[in-house]
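Student: Just passing along the structure, written as structure tokens.
Throughout, read-outs are computed from the coordinates displayed, never taken from laboratory work. Computed from a predicted structure; not experimentally measured. Methodologically, a virtual Cβ is constructed for each residue, glycine included, from the backbone with ideal geometry; neighbour enumeration extends over all protein chains shown.
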Amino acid sequence: MALPQVDDVAGDESRLIGCQERDDVGDLVGLGVSPLIQPLQLPRRVIVGIGSRGYSPWMGYIQDLRRTLGSRPLIMVGAGVVHVGSDDRLLMILRTDNGLWGLPGGALEPGESLESAARRELAEETGLSAGRLEMLTVLSGPELFYRYPNGDEVHNVVAVFLADEVTGAERPCGVEAAEVHRFPLSDLSKDLDPVDRFAIEHYLAHRARST
């Protein structure tokens, strides 16, 4: 799991639009680009990417583990969201940690439910709110092992949810999601995150069985 530093975004306030600030008890408050808030003045653990795909490297919990374990493998539990519109286009984000396209989603925070994590990550990464969520599957196993560009290793356990309806204006977070795009199911990007590719394959198999 990549662990970007706060310095990576300091001085580029435009990348903080759509992000959030978390206080010591984990509450989230909206953080626009305010002249009263300077990134360098905030403790590193306070910056939380409102967008990245699962497995948010900005979470203090994960950072603490990494400080102790370094790049050794972690078991990472997260949730992802599959939303396909009436035009058969799949909602995806361009991840900033590896430059690949993936599903909206992210790691659980301590005490959070899988469904709550799915809703939070969707909103953080895309600006969209989900209506009813249906759990499609829980994925685990060797196919979900991933080594990030910086050497951090994770064994992912991912709950995949289907979102029939989403509302709001699409707005990527520049910290962890550089773009939001809808790809035709018949022509998905070849640059897919390998964990998300596995999840999408399960969705397509489910879709084929349902028709």
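Student: Go through region 125-152 residue by residue and tally those that are free of Cβ contacts under 8 Å to residues at least 24 places away in the same chain and farther than 17 Å from SER113 by Cβ.
Tutor: 4
Student: Taking GLY99, is it touching an Asp or Glu at 6+ places or on another chain (Cβ under 8 Å), among the small types (Gly, Ala, Ser), free of Cβ contacts under 8 Å to residues at least 60 places away in the same chain and surrounded by fewer than 18 Cβ atoms within 10 Å (Cβ to Cβ)? Walk me through how you get there before you give the answer.
Tutor: Details: touching an Asp or Glu at 6+ places or on another chain (Cβ under 8 Å): yes; among the small types (Gly, Ala, Ser): yes; free of Cβ contacts under 8 Å to residues at least 60 places away in the same chain: no; surrounded by fewer than 18 Cβ atoms within 10 Å (Cβ to Cβ): yes.
So GLY99 fails the test.
Student: Residues that are on the phi > 0 side of the Ramachandran plot and surrounded by 19 or more Cβ atoms within 10 Å (Cβ to Cβ): does region 121-133 have at least one?
Tutor: Within region 121-133, one or more residues are on the phi > 0 side of the Ramachandran plot and surrounded by 19 or more Cβ atoms within 10 Å (Cβ to Cβ).
Student: Right, LEU188: in contact with a helix residue (DSSP H, G or I) (Cβ under 9 Å, 6 or more places away or on another chain), over 30 Å from GLN63 (Cα atoms) and without any contact (Cβ under 8 Å) to a residue 24 or more places away in the chain or not?
Tutor: So LEU188 fails the test.
Student: One residue is enough: does region 134-147 have a residue meeting the conditions of a type outside the set (A, V, I, L, M) and in contact with a Phe, Trp or Tyr (Cβ under 8 Å, 6 or more places away or on another chain)?
Tutor: yes
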